[in-house]
Amino acid sequence: MIDLSKIFNPDSIAFVGATDRKDSVGLSIVENLLQGKKKRELFMVNPYRKKVKDYSTYPSLKNISQKIDLVIIATPQKAVKEVVKEACKKEVGGIIVITAGFSEASPEGTLVQKEIAAMCKEAGVPLVGPNCLGIIRPINKLNASFAPFTPRPGRISLISQSGALLDSIIDKAVYKDLGFANLVSYGNGADLSLNEFVQYLDRDEETKVIACYLEGLKRGREFLEVAKKVTKKTPIIALKAGVTEKGQESVSTHTASLAGDAEIYEAAFKQSGVIQVDSISELLNVSQGLAWQPKHQGGLGVVSNGGGMAVLTVDQAQKEDVFTPPLTNKTIKRLQKSEVFSEITSFENPLDIIGDANPERYYRAMDILMRQKDIGGIIVIQTTQSVTDVEENARKIIKIKEKYPKKPIVSVLFDGRMGHPGVDLLEKNKIPNYEDPKIAVQVIKHLLKDK
Amino acid sequence: MKKLLSFEKSNQLLKRYNIPLVLGGRYTSLEKALDFVNKIGYPVVIKIASPNVAHKTEYGGVEVDLENEEEFRKAWQKLWPLQEKFQPQGLVVQKMRKGFELSAGIERDAQFGPVVMFGWGGIFIEILKQVNFRIAPINKEQARGMIDELQGSKVLSGFRGRPQIDWGKLAQLLVNLSALATENPDVLQVDLNPIMSEGSIVEVADARIYVSKNFNL
């Protein structure tokens, strides 16, 4: 297996194309790299500038005598080949080519890209890109990209063939305070692509879930074998673009890779244990759910203070083949014995604890349902009614999570003026919250399997 | 360049992989065909054998459910001029099979290599477009999964008193097809349609096999 540790954990980085010209990609990368200046040595390379920020520049890689782990290249396209050659000669640990204008642009570009990839292969230097956003590893304060922000550390590793999509996800992630273990954009994938990253991240201790956005695969058969092994330990969630005929047309012009038939990809994902999703939000939601919550085999229990939401939830559960087991006599007896349910006459799953449900009633309901053996996890729904104590209810949900650490729990709470503090509290405590029962079911479905 | 295998060679290849075929033969003489029918018994089917005719039924190239010699002779006279219109290759005579029409096949995907397909057959393959895929090789359990996944496959398991299809046999057919795909890189595409299934009978009634020019049987 290829060693990518110098790309994800470099002790030194040389950035070729460093500049402090306003609104340039080069400056964004410089600023992002500076976030990790205490963690590693930085070398700024630019033959036309003496200084970039507080760094004296080097005219070329040749002038740097120290060892370099990672080289980032964002020069004009014409200069890339020469820089890669120098980097290979220096036996660096990895190269990221940000620069565009290769196989995605023209036949000539394809040719140069092939030459670059061949050089790297011969020198044994792993190559990311070209035409990519770069790599981010928040825990290491590594932002080797021109993304606008660095999200906080988390357990999801996101691999994206599209750099722009990654940008938007990062924007949203920072706003929603979502964490990531790694963010990888591999662009044209001249050397490293999905297969290598998935394999490497499977062994990364920070990574609990691998989420990927892909347009096409270059070595599908190999992916099948890799994914089969990886998904035994680390779940892979995939969003594949170009599943319709129209979508396929635009994919083949977008990235220089050929999209296969939707049905064949579907089969390949299924056979290798990859969870396929069909929207960006589902990709993020399912990844978050799997990163935050444990898996436990069993059926779904539903607790709600509103009848309508409860029905929507079980409707969706049935559509998605998620079993909602009936409450056992034992469970019903426990509920009957508990005086907080005195106003409730019908005990079913979904359990409607009525609009005036107080935190104690929420707690008891969740607790008693969790005790039922064939209930593997629960969705707890809270409609915001005038008597609802949003924050205290959230604390009760968190308490249940602590009491039943092996069973997943997902909440449905509208992030409105009244609901927001509750949502905030839940998310800080790694309870995935969704504003729609449909999404909550789509997420918990993957948590109620033992594999 | 891909080319279509002849009736005999197709059958030979499928038999090598234990893929069951409806009993039949290709004939250019009516009398020899009659001898064959007398051996296998009525009812039978006659269809044109030319590899150029993809959808035989659309061209009126199939006569089914022939119960006796009189009907057989009539159908033969009717189809003979038709087969001459296309590359003349004679007529195929087969035992008449009833039951569900299913289909299976092999394709080669640029990314994933050999792929096995299974679905409804006959005209339903075009109307329902209900087929599913697996990347080869597949085992028997995966093959059963393919059958189970097919929308409406419940009717194959003895729904409302209909005879139950032998799922084990059907699954084995798919496994054998998968082996054919992985062991013969020069076989580019296989369409088995229809596969006639009734009770314990699971037999391929029509096969179209495309091979590369390097293919040798």
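Any read-out appearing in this document is the output of simple, stated calculations on the displayed coordinates, not a laboratory observation. Every value quoted in this text rests on a predicted model; they were computed, and no experiment measured them. Heads up, the Cβs are rebuilt from the backbone with ideal geometry, glycines too, and the neighbour counts pull from every protein chain shown.
Quick notes
- Inter-label distance, nm, simple model (7 Å from Cα along the C-beta direction), B:Asn139/A:Glu320: 3.0
- With Cα atoms as the point set, the radius of gyration and Dmax of region A:5-289 evaluate to 18.2, 55 Å.
- Average other protein chain Cβ within 10 Å of Cβ, residues A:220-231: 2
- A:Phe149-A:Lys228 pseudo-label distance in nm [points 7 Å out on the Cα-to-Cβ vector]: 4.1
- Region A:427-436 - phi-based ³J(HN,Hα) in whole Hz, Karplus 6.51/-1.76/1.60, Gly and Pro as x: 5, 5, 9, 6, 9, x, 10, 10, 8, 9
- Only helices enter the 222 nm calculation for chain A: every DSSP H run of n ≥ 4 contributes -39,500 (n - 2.57), and dividing by all residues gives -12000 deg cm²/dmol, rounded to 500.
- Across chain A, the mean sequence separation of Cα contacts (distance under 8 Å, 6 or more residues apart), normalised by length, yields a relative contact order of 10 percent.
- Overall form of region A:385-451 per C-alpha gyration tensor (a/c, 1.5; a/b vs b/c): oblate
- 19 Å cut-off, amide nitrogen to a point 7 angstrom out along B:Arg160 Cα→Cβ, residues in region B:176-201: B:198-199
- Measuring nothing but alpha carbons in region A:294-447 and taking Rh as the Kirkwood radius, the Rg to Rh ratio lands at 0.92.
- Hull volume in cubic angstrom per residue (convex hull over the Cα atoms of region B:138-217): 94
- Value at 222 nm in deg cm²/dmol, rounded to 500, when DSSP H runs of n ≥ 4 in chain B each add -39,500 (n - 2.57): -10000 deg cm²/dmol
- Between A:Tyr58 and A:Met44, A:Val45, A:Asn46, the built amide H atoms are under 5 Å apart, and every one of these is 5 or more places off in sequence or on another chain.
- Overall form of region A:117-255 per C-alpha gyration tensor (a/c, 1.5; a/b vs b/c): rounded
- Gyration tensor (alpha-carbon) shape descriptor, chain B, a/c threshold 1.5: oblate
- For A:Ile159, distant residues with modelled amide H under 5 Å away: A:Val184, A:Ala211, A:Cys212, A:Tyr213
- Computed on the Cα trace of region A:1-81, the radius of gyration divided by the Kirkwood hydrodynamic radius gives Rg/Rh = 0.95.
- For region A:353-363, 3J(HN,Hα) per residue [Karplus equation, 6.51 cos²θ - 1.76 cosθ + 1.60, θ = phi - 60°, Hz, x = Gly/Pro]: 9, 6, x, 8, 4, 9, x, 5, 5, 4, 4
- Neighbour cut-off at most 14 other Cβ (10 Å), DSSP loop, chymotrypsin sites (Phe, Trp or Tyr not before Pro), region B:65-150: none
- Remark on the protein assembly as shown: ratio of C-alpha radius of gyration to 2.2 N^0.38 Å is 1.21.
- Hz values of 3J(HN,Hα) by residue in region B:145-159 - Karplus curve (6.51, -1.76, 1.60), Gly and Pro given as x: x, 5, 5, 4, 6, 4, 4, x, 5, 4, 5, 7, 10, x, 6
- Between A:Ala118 and A:Ile344, the simple label model (points 7 Å from Cα in the Cβ direction) yields a spacing of 7.1 nm.
- For A:Ile381, the residues 5 or more places off, or on other chains, whose built amide H falls under 5 Å of its own are A:Val303, A:Ser304, A:Asn305, A:Val412.
- Across peptide B:109-121, the average count of Cβ atoms from other chains found within 10 Å of a residue's Cβ is 5.
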